[in-house]
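K.L.:
Quick one: the structure is below, and I'll ask about it shortly.
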Amino acid sequence: MDRFPTEFEDMLTAAGRRVLAGRSPLCGALAEPRRRFLAETGLVSERLARAAARLLDRALHELLQPLQQPIPPESIWEMTRNYGELLPKTARVRTAYLERRRELAQRRAEEIGLVAMLRSESFAAFAAALAGRALRRRWGIQLLCYGPGDYAGPHNDHHPEEPDARGGYFDLHVSLCGRGVAQQWLVYAVQGHFSRIADVATAGGVTAYRLPLWHYTTPLVAKARARPEEARRWLLLGTFLYRQPPVFTDVSRAAAGTRKLNQ
Ligand SMILES: [Fe+2]
């Protein structure tokens, strides 16, 4: 592969196309009230996913920017109470900002057809099918790359400062692993506990999120003697707002109100 297909549909298997056609049990899966996360393989062609990972290795790896948010030392040394630890979002990963037109990575991503595929009608339609809701016409796109030891610490992707996103929004991710990746996991919370885990060391695995949701990504582990360019997990991301934003309930204010009533 020396170019991504123009339409995301062309990366899909027969099962993936059934999602697009509205003939899959996965359609509307994330509209179920209790379900906020989905991890599926077999929707994107594994062969094309491997080829896409190799294309990204060749075309984009050298242009990625590091994204590092380490654990702040004061999160330990400025603690004043036992068990009072608070951890901000931590991460180490590389990224290409596909929406910053002046950046070389963005231009390269356009040249290899990645931007067009992530902007294609079938990419948005696939997201909408899993979300089970109408999505807005404009959506965000991004490219991440996890190498050995790269991870994302616990975070929830809540954006309360953005009026259109604070009631929730939808993310669609496609994993493109090289053959040198031994493991990487996505851990997410159900009913207040980090109790579920999904394998994301896949070539063509799809994960979808009804955000906000507490989750984290474990450090990527490479296979012994793997070549560096094979021990990577590329991640294609689309971030979608709902056409009708869910009602945002300010829990803290509601709780404060309840407290007042109870006094
Ligand atoms: Fe996240």
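The numbers here are math on the coordinates, done by the rules we state, and not lab data. Bear in mind the structure is a predicted one, so any value in this text is a computation, not a measurement. Glycine also receives a Cβ, built like all others from the backbone with ideal geometry; neighbour counts cover every protein chain displayed.
K.L.:
Between residue 248 and residue 195, what is the spin-label point distance in nm, taking each point 7 Å from the Cα along the Cα→C-beta axis?
P.N.:
3.0 nm
K.L.:
A further question on this structure: Be a star and scan the stretch 209-229 for residues whose amide nitrogen sits under 15 Å from the point 7 Å along the Cα-to-Cβ vector of residue 185.
P.N.:
Residues passing the 15 Å test: 215-222.
K.L.:
For residue 46 and residue 101, what is the calculated FRET efficiency with R₀ set at 45 Å and r taken between the beta-carbons, to the nearest 0.05? Let's see the in-between values first.
P.N.:
Details: r = 33 Å, r/R0 = 0.72.
The calculated FRET efficiency here is 0.90.
K.L.:
Using 0.36 nm times the number of residues separating residue 31 and residue 69, minus their current alpha carbon distance, what extension gain do you get?
P.N.:
Working: separation 38, 0.36 × 38 = 13.68 nm, distance 3.24 nm.
Stretched fully, the residue 31-residue 69 segment lengthens by 10.4 nm.
K.L.:
Next question, about the same structure. Sorted from largest to smallest, which semi-axis lengths in Å does the alpha carbon gyration tensor of the stretch 140-200 give for its equivalent ellipsoid, taking the root of 5 times each eigenvalue?
P.N.:
Details: eigenvalues 124, 57, 20 Å².
Ellipsoid half-lengths, sorted descending, are 25, 17, 10 Å.
K.L.:
Based on the Cβ-Cβ distance from residue 15 to residue 80, what FRET efficiency comes out when R0 is 45 Å, to the nearest 0.05?
P.N.:
Values: r = 54 Å, r/R0 = 1.19.
Between residue 15 and residue 80 the formula returns 0.25.
K.L.:
How big is the Rg/Rh ratio for the chain, C-alpha atoms only, Rh by Kirkwood, two decimals? Show your work: numbers first, answer last.
P.N.:
Working: Rg = 19.4 Å, Rh = 19.6 Å.
Ratio of gyration radius to Kirkwood radius for the chain: 0.99.
K.L.:
Another question, if that's okay. Estimate the FRET efficiency between residue 2 and residue 110 by the formula 1/(1 + (r/R0)^6), using the beta-carbon distance for r and 25 Å for R0, to the nearest 0.05. Spell out each step's value before the answer.
P.N.:
Values: r = 14 Å, r/R0 = 0.57.
It comes to 0.95.
K.L.:
Please check the chain for the longest run free of GluC sites (Glu not before Pro) that are loop-located per DSSP (anything but H, G, I, E, B) and have at most 14 other Cβ atoms within 10 Å.
P.N.:
Values: sites that count: 78, 85, 99, 161.
Maximal segment without exposed cleavage sites: 162-263.
K.L.:
Could you give the spread of the C-alpha atoms of the stretch 100-167 along their three principal axes, from largest to smallest, in whole angstroms?
P.N.:
Cα extents, longest axis first: 34, 33, 23 Å.
K.L.:
For the stretch 215-251, which trypsin sites (Lys or Arg not before Pro) are both in a DSSP coil and crowded by at most 10 other Cβ atoms within 10 Å?
P.N.:
Details: sites: 223, 225, 232, 233, 243; in loops: 223, 225, 232, 243.
Listed in order of number, the matching sites are 225.
K.L.:
With unit charges on the beta carbons (Lys and Arg positive, Asp and Glu negative) and the dipole taken about the Cα centre of the chain, which residue among 83, 147, 239 sits farthest to the positive side?
P.N.:
239
K.L.:
For the Cα atoms of the chain, what angle does the longest principal axis make with the long axis of helix 251-262, in degrees from 0 to 90, nearest 10?
P.N.:
The helix 251-262 is inclined about 20 degrees to the chain.
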